[in-house]
Structure formats: C-alpha cells, structure tokens
1. Is there any pair linking a residue in the range 89-113 that is more than 15 Å from Val5 (Cβ to Cβ) to one that is of a type in the set (D, E, K, R) and part of a loop (DSSP other than H, G, I, E, B), with Cβ under 6 Å and at least six apart or on different chains, and which?
2. What number goes with the only condition from (1) among the hydrophobic types (A, V, I, L, M, F, W, C); (2) at pLDDT below 85; (3) touching a Gly at 6+ places or on another chain (Cβ under 8 Å) that Leu106 does not pass?
3. Of the residues that sit in the range 2-49 and are of a type in the set (Gly, Ala, Ser) and buried (at least 21 other Cβ atoms within 10 Å of the Cβ), which one is nearest to Thr499 (Cα to Cα)?
4. Can you tell me which residue among Ala149, Ala124 is out of contact with any helix residue (DSSP H, G or I) (no Cβ under 7 Å at 6 or more places or on another chain), open to solvent by 20 Å² or more (accessible area, probe 1.4 Å) and closer than 30 Å to Arg368 by Cα?
5. Looking only at residues in the range 501-523 that are out of contact with any Ser or Thr (no Cβ under 7 Å at 6 or more places or on another chain) and open to solvent by 50 Å² or more (accessible area, probe 1.4 Å), which one is modelled with the highest pLDDT?
6. State whether one or more residues within the range 411-430 are within 31 Å of the chain's Cα centre (by Cα), at pLDDT below 85 and farther than 30 Å from Glu30 by Cα.
7. Inside the range 460-476, can you point out the residues that are of a type outside the set (S, T, N, Q) and without any contact (Cβ under 8 Å) to a residue 60 or more places away in the chain?
8. For the range 142-242, please list each of the helices (runs of 4 or more DSSP H) lying entirely inside it that holds at least 2 residues being at pLDDT 90 or above.
Amino acid sequence: MLASVTIRDIVLIDKVDVSFDTGLCALTGETGAGKSILLDALGLALGMRANASLVRRTGNGDNTNSRASVSATFDLADDDPVYDRLTNHDITAPEPGESLILRRNLDKDGRGRAFINDQPVSVALLRQIGESLVEIEGQFASHGLMDQATHRESLDGFANLGKSSSDVSALYKTWRDAESALAEAIAALEQNRADEEYLRHALAELVELDPQAGEETELSEARALLMNGERLVTAMAAAEKSLSNGDGVEDRLAAAQRVLTHEVDAAAGRLDAVMDALAIANDAVADAEALLHRVMVDAEPDPEKLEACEERLFAIRAMARKHSISVEELPTLRSNLEQKLGQIDDAGGLMQKLRAERDQAYETYKSRATELSQKRAKAAIKLDKAVAMELPPLKLEKAVFTTRVEVLEEKDWGPTGMDRVHFEVSTNPGAPSGPLARIVSGGELARFLLALKVVLHQSNAIPTLIFDEVDSGIGGAIATAVGERLAKLAKNVQVLAITHSPQVASCAMWHLQIAKSENAGVVTTNVAQLSEDDRQEEIARMLAGARITDEARAAAASLMGRDNA
C-alpha cells in the first residue's frame, strides 16, 4: 500500500509530507485548493507524463526552482508480484519488511530522472511499477479498468479462472512449439532435398577417405620421423652402442649386483634398498634398449612409406579445406551428412511423427481453450448481474453493463485463449453500448468504475485505489451509497477518495484536508491530517459553505455517527 508521499516544489506546493494508512481516506478542500495538484504530483512519482509547468514558480517570469521532486513510499506484501518485476529488470528489490520508494525529479525545462530505491531507471519502467501499485479511477484514468487489455484478466479473476487460463497458456506454447518444430523440419528437408546430389557426393568422398579422429596428429608425427630418419637412426645407433658395447651400462650394473650379492646378509638389511635400485636401473636400461631399437626400425629411411604417409596427410587436409573445417571435424561432418541423408530417406516417417505431435497439441489447446471460453461466457452473465445490482444506488439505474466475450478467428488465438473480453456500457435507454471511455461525465464514469471495483474486489491485484471526484453531480442518499461502497472496498484494499461530498467524507476512516495559504504574497498548498473534531468541522464546512452553523456541525456529527455536535 501507499505509505507516504513527499513533494517538493510542485506548482503551488512548496514542501509537503503526507503519510497514509490502510482503509478509506478522504481528501477534501475548497475548490481550487490544490487537490488535483496533489494527484498530479503523485502521478509524477508513478511515471505518468510530466511537463515543465509542474515545477513551482517562486517569482515572476522565468524565475523558477531548478528542480521539483516527488517520492512515493510503499509498504509491500511479502508475495507482491512487484518483487519479480524488479528482479526481471535487474533492479535490487527491497528486503522483506523494507519500503519501496519511487522517485521522480523534474527540472524547469521539463527534463527529469526516475529512480526506484535510488537506482536510476527509465520512466517507462517507473510507470510499469507504479501502475502495478496504484490505480487511479476517474475521467482521465488511462490504465486499470479503463484499459481494455485488463478486462479479460478481471473477468478471469472474478470467476476464479486463473488456473484454467494458465493451463491454456502452457498448452498454447506447446502447440506453437510443435508447429515451429514441424516448420523447421519441413524447411530443413526441402533444403536437404535441394542439396541431395551434393550431400550424397560429399558423403561418398568421406566414406572412401574414411578420416579417423586423431589421424592428422599421428600422420604428422610419422612424417616428421620418416623425413629425419637417417639422422635419427645414426644418433640412436650411437646411443645403443653406448649402452651395450664393451663394459656398457648393463655389464657395469650386473657387476655391481654380483659384488654386493655376497655381502647382503652381512649388511643386516642395509643393502636391500641398494639392490632394489640396481635391479630397477638394470630393467630400465633393458627397456630403453628395446624402445630404442623399435624407434630405429620405425625411423629407418623408407621413401615409399614416407610418400604414402604424405599422400594420406595431404588428402585429409585437402578434404578439410574443401569443406572449410579442421581435419578433426571431418568425422563429425560425415556423421552430419549421414543424418541429413537419413532424414531424406526417412522423411515420411519423421514428418508423420511431427505432424501427429502438432495436431495433438492443437486439439488439446483447442479443447481446453473452448472450455475456458465457455466458462468465461457463463462468468460474464454473472458479472453483468452483479454489476447491475450495484448501479441503482449510485444513480446509474438506467445504465446497462455488458461483458463481451468474443470468439476470435483461429489466426488470432493466443496464450490467453481463443476469445477477446471487453466491458461495454450504455448509459441511456436505447443507446448502443460502447467502451467505458465513452462515458462523458467524469463523476458518472468514476461511479461506474466504483461499482465494477466493488464487484471485482476479490480479483483486484492493485493494493491502492484512488477515486477522483467519484461523487461529482450527486448528493444525499446517492452520495451516501457511494461512501458506503468505498468503505466496503477499503476493507480489502487501500482507497483514497478525492471528494466534495460530506456523505462520502463521513464514511472515511481518516481524513486529509488540502488548503491554500498566503504568506508575503506567495500562495502555497498544504496538506494536513485531521483529528476527529477537525473532521467534523471540515464536513460541516462541506455541508454549509463559507459560514459554518451549529446546525451544520450537528449534521456533520450525525453523518459521522457521533453522539453530539
């Protein structure tokens, strides 16, 4: 809910700090006191359109403050969806129990900056977050129920169809994914068929060449060995001679072992490690000689073997260049070509499988979407009846509210189902119905929206509602009915009502008064929270006008349910 608003240098407002509470709050004041200014200032913090005229002027001409500022502070429920919205936009959300602050600065040229918890954001994001926290109902409202895009969700909420709607959305995605998979497979098949001759030729070459993983490295090493064979053989022969000729390493190691063998017992185990080391050394020399001989055989100059090695190496490299890939990727290329040709050869089976999956997904979506559409049609009748019951007490007995559930053509089906939902109203008998925006009277529109909100209150996800002059053009019992419905609505959400009606104001749980004052020729607008006695005096003023009489005070006390005037 809205916890507080801080305003600096907005039109006639110099400095205002307003705190809000739960329930119904009445905002009253004489005509021209600045109630609309307060609403404009709050709208600025919620991301609504701004212009330089909002910046307070402190003198003549262009002498204005360099910057105006408005901050709106909100206390959020732990499960408020705004947390996810902030996270999705990489904005650090407040910790549970902490407040969320929306702030907007505006300079004298109309340029401004937006912040969420002191993190710079776009005005578009500020507005998106603001519209999820506060809904303003009235003649100039542009979102909430005035936005036709919200009507389907409102109807679904009224009828508890959220689960069905979510299921249909998931089924729509499954259907469209299956449709995309089929389209991609068809496109790939068509491309493969166009390239079939090339694919078969390329695969035949690869099958004949039969490149193996790691083959290039093995061939490169073998080629290097053969190319340097004569020099390597000479060097290795010399090494072998050093190891074995005369009293070579093996003979010396054997002699050492023979000498020490006779003294092992006398050394009391001290020579065991030495004998083991000599044995290991002797084995290692033998292994070295065997390996050296093997390498000498491999490196023995062989022009035919070298030519064959080079031909194979150059052949696989040429194949890799032909396909613009590395040699190591040739086996993968062969596998891919075999797969593409396999798809061509088995195209009938693959297409049949994908079409079956697509058709099944389509039928499942269509069936569930049809069920949802039927449920919406039934819910629309109930909603129309519920709204109709709210209209007469609000002096809208001639108005007719209609919920249209229009089944769309298949090309327009979507994740929300196969129908479009919108609210229509006819305010005069015999007149054609039309969208809510066609209601000309601002007060009439606000009362109509109030009736809708009372009926839809359980599905309302916006924690704060503001009604701008919902009592316009009414009085007496009708104004009382408006106040009672606002109070009823305020049991579930925070409601702020800008009102000229004493009957509406008397139904409020708390009361803010907007008033002008003048000091040294400078006019400013101030906001004050009223005590119970001050509330009675303000309601008496609303009843009597400029001169407040005892009778007006008594009437105010009666409206407020107080025992004495």
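The values are calculated or read from the model by the stated rules, or taken from the named source; none is laboratory data. None of the values given here were measured: they were computed from a predicted structure. Quick reminder, even Gly has a Cβ in these numbers, built from the backbone with ideal geometry, and neighbours come from all protein chains shown. These area figures cover heavy atoms from the full protein model, side chains too; ligands, DNA and RNA do not enter into them. Shrake-Rupley method; radii C 1.70, N 1.55, O 1.52, S 1.80 Å.
1. From the range 89-113, the pairs are Pro96/Asp78.
2. (2)
3. Going through the range 2-49, the residues of a type in the set (Gly, Ala, Ser) turn out to be 3-4, 19, 23, 26, 29, 32-34, 36, 41, 43, 45, 47.
Filter once more, keeping what is buried (at least 21 other Cβ atoms within 10 Å of the Cβ): 26, 29, 34, 41, 43, 45, 47.
Numbers: Ala26: 7, Gly29: 8, Gly34: 12, Ala41: 17, Gly43: 18, Ala45: 22, Gly47: 24 Å.
Applying the filter and picking the extreme gives Ala26.
4. Ala149
5. Taking the candidates together, the pick is Met509.
6. Within the range 411-430 (the criterion being within 31 Å of the chain's Cα centre (by Cα), at pLDDT below 85 and farther than 30 Å from Glu30 by Cα), the answer is no, since none of the residues qualifies.
7. Selection gives Asp471, Gly473, Gly475, Gly476.
8. Here the list reads 151-158, 162-194, 196-209.
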